[in-house]
Structure formats: structure tokens, C-alpha cells
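Below: one structure, written as C-alpha cells.
The values are calculated or read from the model by the stated rules, or taken from the named source; none is laboratory data. Just so it is clear, the structure is predicted and the values come from calculations on it, not from any experiment. Don't worry about glycine lacking a Cβ; one is built from the backbone with ideal geometry, like all the others, and counts go over all protein chains shown.
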Amino acid sequence: MGRVIFHRSFVVGLLGLILVLLVSLPLYHPSTYVLVLLTAIFMYIVLTLSWVIFSGPTGYISLASAAFFGVGIYTSAVFGKVISLPLVIGIGALASFFLALLVGALTLRLRGIYFSIFTFGLVVLIQQLLLWWEVVKMHTRGRFVIVVNNTTIYYVMLIILVVLMFTTYLIRRSKYGLALQSIGEDEEAAAHSGINTTVLKTITFAISAFFTGAAGSIMATRWTYIDPYIAFNPLFSFLPVLMAIFGGIGHLFGPVLGATIFGYLEEVLITKFPYYYMLIFGTILVIAILYLPGGLVGLMQKWQKGDLAGQHGNS
Amino acid sequence: MGMTVLNVVISGLLMGGIYALIAMGLSLQYGVGRVFNISHGEFIMVGAFFTWALFSAFGVNPLVSLVIVGPVTFIIGFVLYRTIFSRLRIKSPSPAAFEGSSMLAAFGILFIIQNIVLAIWGANIRGYTYLATGVNFGGAVFAANRLVTLSFAIMIGLAFYIFLAHTRLGKAIRAAAQDPVTAGLMGVNINLVLALCFGFGALMAGLAGTLVSMCYSVDATMGLGYTIIAIIVVVLGGLGSIPGSFFGGFILGLIGSIVTYIEPGLSLAAYYGIFMLLLIVRPAGILGR
């Protein structure tokens, strides 16, 4: 699975260059549009990569992203006025982390598809309970969120993204990554070879939720007003799955690629043609599942392999 | 007090009829075909929109629409299975892998159907009035359309049950539900049977959509809520058990009606709560084998 597409030093150099460019970008006073667009793309990469950390190797399709994202958003809305921004993000991330620990401990014994249904149910359960609490008990609906300037949001999202990418890379390289992979291939065999599958799955699930929650707490500050339907929008559960599958989950760059393409497409299309955007979205999802089992990255690897085989045949 | 109990029970049964129908449809698709069809509710939505469009444009009686909506949704479902899901089934290395990939493909179909409808008819909430007169039922008053809905739901459900129990195709479907591989070895054309099951599932969703549109308003995003109810009922009734889904529908309808009576804002949350509890405690379902 971990076939290197490009030469390693080239990749490290390229990544470093991109990072320097992204970090220095606000110094050139770009338009608000560029900053907001990049922030949105970063957000999708964070959501997608954190989904992939857990669901990629294990094969358990989690639809809980929107729940953790929403927990982050609500943390920001509740605490944003009283404590400082880094603390808010930390609380949002940790709240999601512990929610995921609880949910994981309860449900990761469930068979694959039941886990998916359960995690999706979680999103709507929290949404409905919160709505009931706000409307019936508090007689309000929604909350206002403290506004933060776009450059700060941009930097915070970039930091979350870099830390997440580094974490993903470390997990994939470590023996935990290997253990997760073996759970995805054959869970029983993994358990027999001495892996505590439940603990490993639960902790990885919680790590993935940590980043999703962090992303939610910073994104909330862009939206000034939120309510349970905005914060716990099931779309945020589906989008990361699609972006990951479209890009390819076998390689670290797959999700990044998928999220970047869709993040950009969304910004361009959604205001003008919202229905067609979602229509294209669904069509690509079906096509990707039918014809691109390895996603875009898988396709690129196949081409590369084809080239190599061709050269080999000629020599 | 006796009056309230009667009221709650009857509204539960009325809702339960619809739930039973959509759950039977999903049970065919998931219980037999292993397609975790998250786009099930979209067929309900399509059925409801067709009925509304026929009624408002040509004044077609919704009960007549049943005869039109049924074949249309059946064909859509059948074609979708033949083009997408049968291909995925052949390509998937294991049944579990097929469940995952078919669920994701169904998500794609959900977005496609929903947004085609949005592009044609827009996001407005639609509705029409049909048989809205009150019927006195042992002291409790109900709209006539809801009673028509319930009786048609029961009739369709029973008709399908008889079809399953007494025809050769029904037997083939039941065999495929128990063990697709062995059924295939016994000479059942398994690909055709699974495609038919998916078509029948879509058909029942479409018919349920027509019935729903008689009592409730219709909009393009209504599908997912019904899908989730269908999933809950199918799990409640036990996977692959058609009678289980039928009775499970009525049970959930009653639960919903009771919760709505106690605390209206919490009915959806209660569904999920019960469902999640059920998943943890008894994943095989209450009536499951």
C-alpha cells in the first residue's frame, strides 16, 4: 500500500516549499476570497484526513464526522465569549475526543455496517436533543459566535492541518499503523496475533475525532450564527467519505487531493448551481466506487506501474 | 383517559402502516440483497412528488397514481441494481466489503435523485388536499385520508406477503434471503432475483410515497428521515424477516405516537435512542432469528 509515488527528497522539498508559501501568504495581503477559499479547503482536508486515520486502515465506515465537528462548533459558541481562542479549540478537540472514546467503547464491537448506522444516528440524536433543549427548555434557537478575523482562522486551520498530517504520517509509519491495517484485513487474525483490537480502534477513533472537533471550533467563528441544524449537518459526515474515496485512501496524498478538488469545486459551484453541484457530487461518488477502487491516487499509481511495465517489456 | 389512549393507539397504527410498508421495502433490499440502501427514502420522495405532480397538473386521483408510481419506481430500482449494485457485488471480495461499498454508492444515488428533483421542482414544500374530511372512529376523529392510507398499506403488505409465500418467484426470493449461494446452486437465477428484490423494494417505497403524499406535505429532502425510520424498523424486526418488518413498523408507529403524546419535540430523538440502545443490546433485532 505504501508505494512511493515520487522520490522522497523531492516530496519533502515540495511539501516544505508549499508550507512556506502558505505560511507567508497573508503577508502579501491577498483578497479575503483567497483566504476564505483556502481556509475552506484546509477544513475539508482536515475532515477528510481525520476520517481516513481511522476508517482508512480499519475499513469501519464512520459517519460520525458531523457529530464531532458539531461538538467543536458548539464548544466555540458556548465558551467563545468567556475564554481565549486556543483554549476554546483545545476544549472542542478534547470534548470530541472523549465523546469518540465513549462511542467507540460502546459500538466498535458492532459489525461494520451497524457501526456506520450507529455513528450516523449519533449525529441526528445529538442534533435533535440539542434542538429540543434549546427550543423547549431554553426558549431560544441557535447561538451567536464571537467573530475572529479571517487571517487568524486561516493560520489556526493551517496549524491543525500540519499537525494532523504529521500525526497521520507518524501513525502510518508506526507499528500501530500496521496493527490498524491488519484489523482492516482480518480482525480475528489481528486479535489472535496479540493486538488489543478494541482499545486500538477506540483510541484511533478518538484521535480522529480530536482533529475534527478542533476544526469545528475554529470554523464556528466564521459563521457568526449557528443552530443545531447548521452545526450537526449530516453533510459533514458524507463529504469526508466521498473526498477520501475520490482521492484514494491507500496513500496519504489521496485524501488531500480529493478534499482540495472538492473544496475548490464547492466554492466555485455551490453559490451558482447548488443542485448541480450536489448532482455532480453524487455522480462522481458512484463512478469512483464503481471504477476507481484506489481513487485518483490509485489511478496515478496504476499509470506509473503501467509505464514501468512498458519499459520493462521494451528492454 | 380512555379516549386519549384510543387516540394515541390509532394515530400510532396509522403512522405504523406507512412505516411497515417502507420497512418491508428496505428489508427486501437489505435483508435479501445486502444492499444497504441509504437512498431508500428518495424513492418515497419520488413517489410522493409524482403523485403530487399528477394530482396538481392533471387532477389524477392519488389512488390511481399508485398504479403509475409503482411500475416507475420498480423500473428505476431494477435498472439501478443491474447497472450499479450487481457490478459491485461481483467485484467485492467479501459480503462485508459489498455492504460498505453498496452503502456508499447508495449515498451517491441519494444525492443524484434528490438533486434531480430539486432541479425540476425546486425546494418548496408541496401538498394537496385529498379526502381531508374527519371520520369519527369510536369517539376519536381522524382524517379519512389517513384511514385510506392505513388500509392500503395493510393491503399492499398482505398482498406482498401472499406473493412471497405462494408463488415460485416468492419462494426463490425467500431462498435467496436465507443463502444466496446455495439458492444459486439450486437453479435460482440469483442476479435476476436480487435485481427484482431491489425493484420491489423501490416499488414499495414509491407506493408508500404516494400514500404519504395524501396525508403530509412533500419536499425534496423528506427522504432521509423515512430511510432512517426504515433502517430502525428493519433492525427492530430482524434482518431479512419480512413479517418482522411489517410488525416492527406498527411497533415503531406506536412508540412514536406515545412519545409524541408525552413530549412532541423528542419523537425523532426517541427513535434514535431506542435504535441505538437496540443496536448495542440486541443487534439481531427483537423479532430476529
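Observations
- Criterion (within 14 Å of chain A (Cβ to nearest Cβ), more than 20 Å from A:Pro228 (Cα to Cα), surrounded by fewer than 23 Cβ atoms within 10 Å (Cβ to Cβ) and hydrophobic (A, V, I, L, M, F, W, C)) met by exactly one of B:Leu236, B:Leu279, B:Leu254, B:Leu224: B:Leu279
- In the range A:136-154, residue farthest from A:Val82 (Cα to Cα) [restricted to those that are surrounded by fewer than 16 Cβ atoms within 10 Å (Cβ to Cβ) and β-branched (Val, Ile, Thr)]: A:Val136
- Condition check for B:Ala57: at pLDDT below 90, more than 17 Å from B:Val35 (Cα to Cα) and at the interface with another protein chain (Cβ under 7 Å from one of its Cβ atoms): no
- Scope the range B:233-257; condition farther than 13 Å from B:Tyr161 by Cβ and hydrophobic (A, V, I, L, M, F, W, C); matching residues: B:Val233, B:Val234, B:Val235, B:Leu236, B:Leu239, B:Phe250, B:Ile251, B:Leu252, B:Leu254, B:Ile255
- A:Leu102 vs. criteria over 24 Å from A:Val124 (Cα atoms), modelled with pLDDT of 85 or more, more than 17 Å from the chain's Cα centre (by Cα) and surrounded by fewer than 21 Cβ atoms within 10 Å (Cβ to Cβ): no
- Selection from the range A:119-165 of residues that are among the aromatic types (Phe, Trp, Tyr) and within 14 Å of another protein chain (Cβ to nearest Cβ): A:Phe120, A:Trp132, A:Trp133
- Only a single criterion out of (1) surrounded by 22 or more Cβ atoms within 10 Å (Cβ to Cβ); (2) within 14 Å of chain A (Cβ to nearest Cβ) is not satisfied by B:Leu88, namely (1).
- Output for the range A:264-293, where each listed residue is among the hydroxyl-bearing types (Ser, Thr, Tyr) and without any contact (Cβ under 8 Å) to a residue 40 or more places away in the chain: A:Thr271, A:Tyr275, A:Tyr276, A:Tyr277, A:Thr283, A:Tyr291
- Being in contact with a Leu (Cβ under 9 Å, 6 or more places away or on another chain), closer than 25 Å to A:Leu279 by Cβ and at pLDDT 85 or above is not true of B:Ser101.
- Selection within the range B:23-61 - more than 18 Å from the chain's Cα centre (by Cα) and assigned to a helix (DSSP H, G or I): B:Trp52, B:Ala53, B:Leu54, B:Phe55, B:Ser56, B:Ala57, B:Phe58
- Counted as qualifying within the range B:131-227 are the helices (runs of 4 or more DSSP H) with 1 or more residues that are in contact with a Ser or Thr (Cβ under 8 Å, 6 or more places away or on another chain) and of a type outside the set (Asp, Glu), namely B:144-166, B:168-178, B:190-215.
- The condition of being in contact with a helix residue (DSSP H, G or I) (Cβ under 7 Å, 6 or more places away or on another chain), under 30 Å from B:Ser11 (Cβ atoms) and at pLDDT 85 or above holds for only one of B:Phe163, B:Phe152, that being B:Phe163.
- For the range A:171-285, the helices (runs of 4 or more DSSP H) that sit wholly inside it and include 3 or more residues that are within 12 Å of another protein chain (Cβ to nearest Cβ) and crowded, with 23+ Cβ neighbours inside 10 Å are A:235-247.
- Taken over the range A:246-264, residues that are at pLDDT 85 or above and among the aliphatic types (A, V, I, L, M) amount to 4.
- Criterion violated by A:Ala190 - all others in (1) in contact (Cβ under 8 Å) with a residue 12 or more places away in the chain; (2) more than 30 Å from A:Ile18 (Cα to Cα) satisfied: (1)
- Look at (1) more than 14 Å from chain A (Cβ to nearest Cβ); (2) surrounded by fewer than 13 Cβ atoms within 10 Å (Cβ to Cβ); (3) more than 18 Å from B:Leu26 (Cα to Cα); (4) of a type outside the set (Ser, Thr, Tyr) and you find that B:Ala144 fails only one, number (2).
- Residue in the range A:171-183 that is closer than 26 Å to A:Thr39 by Cα and either at pLDDT below 85 or among the β-branched types (Val, Ile, Thr) (or both) present: yes
- When the range B:201-221 is limited to residues that are within 19 Å of B:Ile156 (Cα to Cα) and over 12 Å from the mean Cα position of the chain (by Cα), the one that is surrounded by the fewest Cβ atoms within 10 Å (Cβ to Cβ) turns out to be B:Cys215.
To keep it simple, each residue is scored yes or no on (1) touching a helix residue (DSSP H, G or I) at 6+ places or on another chain (Cβ under 8 Å); (2) free of Cβ contacts under 8 Å to residues at least 24 places away in the same chain; (3) within 24 Å of B:Leu66 (Cβ to Cβ).
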site: B:Ala177; (1), (2), (3): yes, no, no
site: B:Thr182; (1), (2), (3): yes, yes, no
site: B:Met186; (1), (2), (3): yes, yes, no
site: B:Ile190; (1), (2), (3): yes, yes, no
site: B:Ala195; (1), (2), (3): yes, no, yes
site: B:Met204; (1), (2), (3): yes, no, yes
site: B:Gly209; (1), (2), (3): yes, no, yes
site: B:Val218; (1), (2), (3): yes, no, yes
site: B:Ile232; (1), (2), (3): yes, no, no
